[in-house]
Amino acid sequence: MTARRRRWILAGLAVGLFAALVWAGRDWIEARLLLIILESGERVEDLQVDRVIATLAIEPGAVAADIGAGTGLFTRPMARAAGGSGRIYAVDINPELLLHIETTAREAGLDAIRTVLADEDDPRLPEPVDLVLLCDTLHHIAGREAYLRRLRAYLKPGGRIAIIDFHRTSPHVFPSLKYARDDLVAWMESAGYRLERELHFVTDNFFLIYRCHDCPGDPDGDISG
């Protein structure tokens with residue numbers, strides 16, 4: 001083997017090792033980036049987190065889920081509203097973000113928060129909930145209509161789903177990830193949800209709250225709707 005060939009082989013091995021390390025640490029890298037982006041002052045101001053939480057009217061003792069919880073920006077105030085007798089599930093597919101939420105919840109003394117490592121097509125909630133919040137999350141899900149239908153099994157009868165997501169004209173997400181408000185309305189109606197309220201104060205986002213009067217509240221049951 002020539003020295004030149006040996007150098008190329010070693011270089012290839014080095015590139016492969018680097019790629020493997022990046023792949024293995026992708027959750028950590030993504031989490032570090034999202035910690036900067038998701039709680040930036042501009043985003044928090046645009047989302048009007050406190051106003052969203054007030055609109056959701058979470059009662060003490062409520063059981064709710066923040067799906068796509070990210071850094072816990074909404075999880076923490078949801079837990080404060082639910083109080084010590086409530087349970088707020090922070091749901092995400094990135095374990096590093098869930099570790100961050102656990103740490104910040106512990107530091108804030110928010111005992112109501114529980115973390116859930118989800119699958120991409122299933123939130124894997126351990127029990128039915130009164131409320132599901134998806135903020136800037138649904139556009140990341142490939143099978144959106146099927147996912148929304150699956151959520152029926154995780155809602156108590158009369159439970160609510162609140163969805164905040166980007167308008168088509170929003171500059172904050174790739175065009176390929178955007179969907180229209182009318183698409184969401186069609187998916188939700190097809191799954192058996194009924195629109196209860198629509199808000200217009202979140203910058204660059206639509207905000208719709210649905211209720212499911214006939215949701216089974218049975219994660220192990222039929223999810224066909």
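Provide the per residue accessible area, probe 1.4 Å, for region 34-176, rounded to a whole number of square angstrom.
Each residue of region 34-176 exposes 44 Å² on average to a 1.4 Å probe.
I need to check one value: relative contact order of region 70-191, counting alpha carbon pairs closer than 8 Å and at least 6 residues apart, in percent.
Working: 155 pairs, mean separation 24.0, N = 122.
So the answer I get is 20 percent.
Under a crude label model (7 Å from the Cα following the beta-carbon direction), how far is Glu59 from Arg80 in nanometres?
2.2 nm
Efficiency by 1/(1 + (r/R0)^6): what FRET value for Phe201 and Leu117, r their Cβ-Cβ distance, R0 = 45 Å, to the nearest 0.05? Don't skip to the answer; put the middle values down first.
Numbers: r = 32 Å, r/R0 = 0.72.
Calculated value: 0.90.
Take the Cβ-Cβ distance between Asp218 and Thr104 as r, set R0 to 35 Å, and report the resulting FRET efficiency rounded to the nearest 0.05.
On the way: r = 32 Å, r/R0 = 0.91.
The value I calculate is 0.65.
First compute the accessible area of region 95-139 with a 1.4 Å probe, then give the percent of it belonging to carbon and sulfur atoms. Before the final figure, lay out each step's value.
On the way: 870 of 2020 Å².
Ligands and nucleic acids excluded, carbon and sulfur give 43 percent.
Roughly how many nanometres apart are two label points built 7 Å out from the Cα toward the Cβ at Arg194 and Val44?
3.8 nm
Could you tell me which of Thr115, Tyr154, His139 has its Cα farthest along the dipole of region 56-167 towards the positive end, charges placed at Cβ (Lys, Arg +1; Asp, Glu -1), taken about the Cα centre?
Value computed over the given set: Tyr154.
Bin width 5 Å, origin at 0, all Cα-Cα pairs of region 102-225: what percent of pairs per bin?
Binned Cα distances yield the sequence 2, 11, 19, 22, 19, 15, 9, 3, 0.
The values are calculated or read from the model by the stated rules, or taken from the named source; none is laboratory data. Keep in mind it's a predicted model, so treat the numbers as computed, not measured. In this analysis, Cβ positions are derived from the backbone assuming ideal geometry, glycine residues included, and neighbour counts consider all displayed protein chains. Note: accessible area is taken over every heavy atom of the protein model, side chains too, but ligands, DNA and RNA are not part of it. Shrake-Rupley method; radii C 1.70, N 1.55, O 1.52, S 1.80 Å.
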